[in-house]
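The values are calculated or read from the model by the stated rules, or taken from the named source; none is laboratory data. Small disclaimer: the values here were computed from a predicted structure and weren't measured. We place every Cβ from the backbone using ideal geometry, glycine too, and count neighbours over all the protein chains shown. Keep in mind that these areas ignore ligands, DNA and RNA; they rest on the heavy atoms of the full protein, side chains included. Shrake-Rupley method; radii C 1.70, N 1.55, O 1.52, S 1.80 Å.
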Amino acid sequence: MAEDQVVERFGSGSVRTGEPMGSSSDPQQVNVPEDGAFFWRANERPAELPGKVSLSPRKMRNILLLAFLSLGGILLGTNYALRPNIAVLNGTDVFGVAFEGTLHPANEIRVTSQSLGTVSEIYVKVGDPVRVGQQIMRMDNRDSQMALQQAAAEREAARQNLASFRSRLAEANARLAVAQRQVDASPMRQRGDSPKRAQANYDQALLNYNRTKKLFDSGIIAQQELDAKATELRIAQDDLENAKHLAGASANLERDQNEQASLEAQATRQDLLEQLRQADLKYQMAQQRTDETIVRATQAGVIAEIPVKIGDSIPGGTVLAKVAELKRMIADVPVAATMISQLKSGEPVMVKLPSNPPSQVQGTIRTINPLPSPNMTHSVEVEFDNPTLLLLAGQPAEVRFVKP
């Protein structure tokens with residue numbers, strides 16, 4: 001509108017170029033700069049209604065250029081902000097594209113409570129390194145302490161009973177040995193050999209009978225003497241048979257008595273041994289329950305989480321601490337279904353860690369989830385070494401797959 005007014009003002013006068021504007025004394029003659037033709041070209045435009053704004057081609061070009069630059073900046077910023085997602089959703093080549101993954105330890109051990117108890121002491125905090133068997137915390141369980149004391153008393157009683165039996169058995173063996181030595185020291189004729197004496201008497205009676213019979217046959221002695229010797233022979237024969245029978249019975253009786261005594265002693269000893277074994281087993285179980293009140297690290301690593309605090313009463317199976325093994329880390333990367341077919345387990349990967357200063361390590365694809373998530377991406381686990389042993393769980397990392 002201002003340009004139109006200027007043109008109308010100077011439209012009827014003669015314009016002379018090359019002189020400064022306003023230097024002429026003729027009010028109808030105006031000197032304009034070299035670009036005064038602009039006003040003349042503007043005057044040649046058709047008349048427009050008041051209040052309507054019209055733009056020159058030059059301004060229109062500048063405005064359009066500015067609009068395109070603004071739109072390009074917006075698109076560039078959006079592309080940078082959504083770079084991993086755009087690559088996942090629209091890309092066709094997975095190699096060389098930067099993906100954003102979430103880090104977590106390759107191995108995380110959960111230390112749980114073995115029985116009911118109350119947390120009484122905690123010896124470590126998150127971030128502390130621990131070794132195998134190191135005490136992490138202690139539980140207070142009075143029932144287990146009482147059970148241990150009772151089991152210890154029962155085991156001691158069983159040990160005393162077994163020791164007393166062994167002492168009595170040793171005494172009985174000693175008495176038997178003394179009696180055996182006394183028998184061995186007695187004369188041969190006074191030992192328990194009745195069958196031998198009966199055999200000797202029988203042999204002597206048989207010899208006397210034979211001699212008497214010869215004398216009777218010679219007519220030297222009478223029939224009465226022969227009959228007497230025959231009677232003595234029969235008595236000696238009966239005594240021999242009875243002695244043999246009695247000796248056999250005595251031997252069997254002695255054998256049975258010895259066997260019975262041995263079996264009784266063995267049974268008593270086995271009973272006492274079984275009682276001691278049961279007492280030992282009960283004590284070991286009580287000791288184990290008592291040891292379970294002391295929570296120890298089952299694997300070396302770094303304490304990643306302690307979800308309990310002192311004074312908490314917890315049941316058995318509750319997670320008391322999480323120990324992370326930081327030598328190996330995992331980057332969980334979402335990859336679009338259209339790109340997942342280009343990846344295979346064991347292929348190389350470059351991982352840029354969010355350390356200070358940032359570092360880059362090489363890893364490999366460990367697993368590829370065949371089932372997609374609701375946003376149609378597959379989870380790819382990338383495993384790599386963590387030589388600095390930094391606790392990077394939950395932090396983002398830039399992952400680039402390398403073409404094999």
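Worth a mention:
- D (Stokes-Einstein, µm²/s), Kirkwood Cα radius, region 311-404, 0.890 mPa s at 25 °C: 163 µm²/s
- Per-residue Karplus couplings for region 297-305, computed as 6.51 cos²θ - 1.76 cosθ + 1.60 with θ equal to phi - 60°, are listed in order as 6, 8, 8, 6, x, 10, 5, 9, 7 Hz, Gly and Pro entered as x.
- Each of the peptides 299-305, 361-367 was scored by the mean count of other Cβ atoms within 10 Å over its residues; in descending order, highest first, they stand as 299-305, 361-367.
- Apportionment of accessible area to carbon and sulfur, region 270-371, percent (1.4 Å): 53 percent
- Amide proton proximity set for Met137, modelled H, under 5 Å, gap of 5+: Tyr123, Val295
- Peptides 311-321, 346-356 ranked from most to least packed by the mean count of surrounding Cβ atoms within 10 Å: 346-356, 311-321.
- Listed peptides 226-234, 333-341 by packing density, highest first (mean Cβ within 10 Å): 333-341, 226-234
- Near His245, once Lys and Arg are set to +1 and Asp and Glu to -1 for all other residues with Cβ below 14 Å from its Cβ, the sum equals -2.
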